Every structure is written in C-alpha cells, then in structure tokens.
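The values are calculated or read from the model by the stated rules, or taken from the named source; none is laboratory data. Given the structure is predicted, the values throughout are model-derived calculations rather than measurements. Backbone-built Cβ (ideal geometry, glycine too); neighbour counts: all protein chains shown. Heavy atoms of the whole protein, side chains included, go into the accessibility calculation; ligands, DNA and RNA do not. Shrake-Rupley method; radii C 1.70, N 1.55, O 1.52, S 1.80 Å.
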Amino acid sequence: MKVANASKTNQNALLRKKQGPGYFLKRDWQLYFLVLIPLSFVIVFKYLPMTGLVIAFKDYKIAKGFWGSEWVGLQIFQDIFAKPDFAPAVRNTLLLNILDLCFSFTMPILLALLLNEVKSIRFKRINQTLLYLPHFLSWVIIGAIAYQLLSEGGGVINNLIELMGGTRVPFLQEDTNWLISYLAIGVWQSMGWGTIIYLAAMSGINPEMYEAATVDGAGRWRKVWNITVPSIRATIVTLLIMNLGKVMEGSFERIFALQNKATTEYTTTIPVLVYRWGIESGNFSRATALGLFQSVIGIILVITADRVAKKLGEDGIL
C-alpha cells in the first residue's frame, strides 16, 4: 500500500513538472487576477516608497531631488545620535511602549476570558459592542474627550471631585499623572477591539473538553487555567511577537492629542521627533534616518522574539 501511494505521488509530481507554471496560470487565472489587486497595492504603497530611504544617507535638498543630493554615508546617523533630544526620545519611547505592552496587551486577554464565561448572549453582545466603540474613534476625538473629562480647570471629573469636597487632580497637567492617564486611556481605547481575536480563538475550543473537566469536578477557574488559556496560547504568543516589533514605534497621534506645554517629560518620543525634524523643520534626511533606525530595531526585536518563542516550543510567525 505504501509503495502504491509513493508511486502515485511521484507520478503526480512528474505530471505537475511537465505541465509547468503556465498550465496552472491558465487554469486558475481568475484567482491570480484577484491576488494581483492587493499585491499591486502592497508593491506601490509599501515597497516603492522604500526607495526614498536613500535620503537617510544623503544631504537631501528638495531642488536636487533624491539622486542629485550629495551622498554623505552614515553622517546623518552620527548627527542624530549626537542630538540632545535623541536619548530622551529613545528612553520615552521604550518606557511608554513597554508599559503600554504590559497593560494594553494583557487587558484584552483578561477581558476575553471574562466575556467567555458570561452565559447571557444578549449581555455579552451589548458589552462587546460598547467596548469595541472606542477603537473607531480617532485620537483627535479621544484627546478632546479626555481634556473635557480630566482637565484640572473645568474637567467633569475634577468638578465632581470638588463637589464631594476633594482637591482637584492635575490628570493631564502633571508629568506622573499624565503618564498614568496616557496608559489608562490607551487601555480603554484598545482593550475592546483586542478581545475579538481572543474570543475568536476561544470559539474554536472543543466544548467536550469543558464537559470532561466538569465531570472531573473542575470549577470555572480550573477550566480557564487548564483549558482556555493553553488553547489560546499560540494566539497570545503570535500577537506578543507582533507587538514587540512596535516597541520602538509608539503612536504619534496618541501623544500629539494628549500632550500639552505643562507636561514635557514623557512626550518627546521617536515618532514625535520624526515629525519635528521632518515636517516642522524640513530636515527630511534626519527624519528619514531616525525612522529607518526605528524600523531596523523593530525588525531585530521581532526576529529575536520569534526565535525565543520557537526555542520555547511555540510555532512563531516566521
């Protein structure tokens, strides 16, 4: 039987080799045409703009263009590393993103586990809808809402605190409080949307596993810890690796919408520095070099995390 199967496999391989790629292209041209549309989008808007990275190694002048500007090698990188704003920007980027990873990454998991235990379908759907809504708001709107609620002078929450006899809290006007508010707003905005993936992963768990655990006398907590969490572990690892690649990025819109002149300790990050150097100052070479540095570090973090995950027995993403 094994010999017959091996012979049939070899015959199919030889047949595919004789037919060639042209045969399959002609047979499935509709499918290849459908793939061509997103592939063209990726090439035009993702890969072709990478040619602009050359200005990170040139003293770019708009009048001279990409190829006419003077080649300076790594001088631009040496300049940005020596800038006094560079070290604080790297520190703040790492601090904000690592703290954000600790809270904004773990909260969707906890929320998905809680929603998965809710038996009322109607209650679950209403909560999911309410929790998803913040994801669809732009950071400009969220920033405006935050200042209406948390402003020290006329914020709704501070007005309530004062009515109850308390002292107004500078949620967004003091560096430490701003950092806490920044993290809390980020969790509120992202945790509902992040639960979608985990709930989808939980929906694929075999119900018989829970039934068997019930027969064995396991409670809800034991079922969550021994069945639900191990079943979504691959999803958690994959998303963690992808989020580690963003540790050097951060959200420019989020910081820009929540920053103010009273809080400057943590608001200078790499994306903000790219905006200041590139858009405000017009130094496109310096901004491109900083963005390239940020992307390279992100790739290194993704590859490192993927290899560590594989050594720990997970599938990884690469």
Near-label residues of the stretch 189-217 by backbone N, under 15 Å of a point 7 Å along Cα→Cβ of ASN226: 208-217
At R0 = 30 Å, FRET efficiency that the Cβ-Cβ distance of ILE157 and ILE98 yields, to 0.05: 0.65
Checked the stretch 168-318 with the C-alpha gyration tensor, a ≥ b ≥ c its square-rooted eigenvalues, rounded below a/c of 1.5, otherwise prolate if a/b is larger than b/c and oblate if not; verdict oblate
Phi angles of the stretch 273-280, converted by Karplus (6.51 cos²θ - 1.76 cosθ + 1.60, θ = phi - 60°) into ³J(HN,Hα) in whole Hz with x for Gly and Pro, give 5, 4, 5, 5, 6, x, 7, 6
Based on the mean of other beta carbon atoms within 10 Å per residue, what is the order of 49-57, 139-147, most packed first? 139-147, 49-57
Which of LYS58/LYS246; LYS83/LYS310; LYS26/LYS311; LYS46/LYS310; LYS46/LYS119; LYS61/LYS83 have a Cα-Cα distance over 32 Å? LYS83/LYS310; LYS26/LYS311; LYS46/LYS119
So, in nm, how far is label ASP59 from label MET164 when the simple model puts each one 7 Å beyond its Cα toward the Cβ? 6.2 nm
How much length is gained on full extension from THR51 to PHE81, taking 0.36 nm per residue of separation minus their Cα-Cα distance? 8.5 nm
Need the C-alpha centroid separation for the stretch 96-172 versus the stretch 248-318, integer Å. 24 Å
For ILE126 and SER295, what is the calculated FRET efficiency with R₀ set at 51 Å and r taken between the beta-carbons, to the nearest 0.05? 0.80
What ranking do 197-210, 148-161, 116-129 get when scored by the average of other Cβ atoms within 10 Å per residue, highest first? 148-161, 197-210, 116-129
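For the pair ALA213 and PHE252, what calculated FRET efficiency results from E = 1/(1 + (r/R0)^6), where r is the Cβ-Cβ distance and R0 = 45 Å, to the nearest 0.05?
0.45
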Heavy atoms only, probe 1.4 Å: what % of the accessible area of the stretch 90-210 goes to carbon and sulfur, would you let me know? 71 percent
With every protein chain present, what is the per residue accessible area of the chain (1.4 Å probe, Å²)? 63 Å²
With n ≥ 4 as the cut-off for DSSP H runs, can you work out [θ] at 222 nm for the chain, using -39500 (n - 2.57) per run divided by the number of residues, rounded to the nearest 500? -21000 deg cm²/dmol
Shape verdict for the stretch 249-318, please, from the Cα gyration tensor: rounded (a/c under 1.5), prolate (a/b greater than b/c) or oblate. oblate
First check a/c for the chain, with a ≥ b ≥ c the square roots of the eigenvalues of its C-alpha gyration tensor; if it is under 1.5, answer rounded, and if not, answer prolate when a/b is larger than b/c or oblate otherwise. oblate
